[in-house]
Structure formats: C-alpha cells, structure tokens
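Below: the structure, in structure tokens.
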Amino acid sequence: MRLKVLPPTLRKNHHYLILDVKSEVELSKDDMVHPIWDACIRYWGENHSSNFDLWVMRHYLIDESTYNNEPIFNYKTVLRCQRSYEDDVRAALSTMHKYDKKRISINTIGISGTVKSGIKKFIED
C-alpha cells in the first residue's frame, strides 16, 4: 500500500535563510549541518530547536583568500527553516564564533520564500 502525499494546505510552510559563512577550514554541505544545529541547541535547547525543521539546501564556495598567512573560506548557504522561527534561528547563529576549535562566522544575508528567489536576490548579485 502506497503512502498518500499530504495536500499543500496540510504541509509545513518554510522560509529560506541565505547565510554568509566565513571559516578557517573547508566546509562541505554535510559539514555545515553540525555547526548550525550545535548553535541552535546550545542557544535554545533541544525542545525548542526541534521545531525549527532545519535543512541545508545549497552550499556555494564564493571566495578563498588568506589573512595573516591563514586561509579564509567564504561560503553562501541556503538554509531551510519552518516559518515563524526565522528570528530564533538567526539569533542562535549569531552567537556562533568557534566550531571544532576553528573560528567560524555565520551571518544572515536575507530571508526568502523560495530557494530560487533567494539565490537570485542574494547569491547571484
């Protein structure tokens, strides 16, 4: 027996956060999941963070440079979260400054209703 697909009126509504990530180490799309969840759980706790429904949709390497002979990687990431929790996620991500003893900076560039419009507005500028 096949599972039925939920109609659009019963599905969760999502918004997409476009993040500017600067790191001392290279990060893949899968590596981005751990710092994001770690920041949310440390700030809000497991109970409240479970409502966020976070998922890393896209992850782009924008620039690679050096500062004081240390590499700096600049990424743009599209993060999906449940609607009405955007400000909670932004607050948690702003507190993040280190992960695995390496410096990392995560800033929110903008919020979009779809992945396509978020990439068009904030990444392909």
Which of the residues spanning the range 101-122 are in a loop (DSSP other than H, G, I, E, B) and touching a residue at least 12 places away in the same chain (Cβ under 8 Å)?
113, 114
I'd like to verify a number: residues in the range 63-75 that are of a type outside the set (Phe, Trp, Tyr) and touching a residue at least 40 places away in the same chain (Cβ under 8 Å), how many?
4
Residues of the range 82-103 being touching a His at 6+ places or on another chain (Cβ under 8 Å) and either within 17 Å of residue 41 (Cα to Cα) or at pLDDT 95 or above (or both), in sequence order, are 82, 86, 88, 99
(1) in contact with a helix residue (DSSP H, G or I) (Cβ under 9 Å, 6 or more places away or on another chain); (2) touching a residue at least 60 places away in the same chain (Cβ under 8 Å): which one isn't true of residue 51, the others all being true?
(2)
Check whether at least one residue in the range 72-91 is surrounded by 12 or more Cβ atoms within 10 Å (Cβ to Cβ) and more than 15 Å from the chain's Cα centre (by Cα), and report yes or no.
yes
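The values are calculated or read from the model by the stated rules, or taken from the named source; none is laboratory data. Since we're looking at a predicted model, the values are computed, not measured. Every residue, glycine among them, receives a Cβ derived from its backbone with ideal geometry; neighbour counts consider all protein chains shown.
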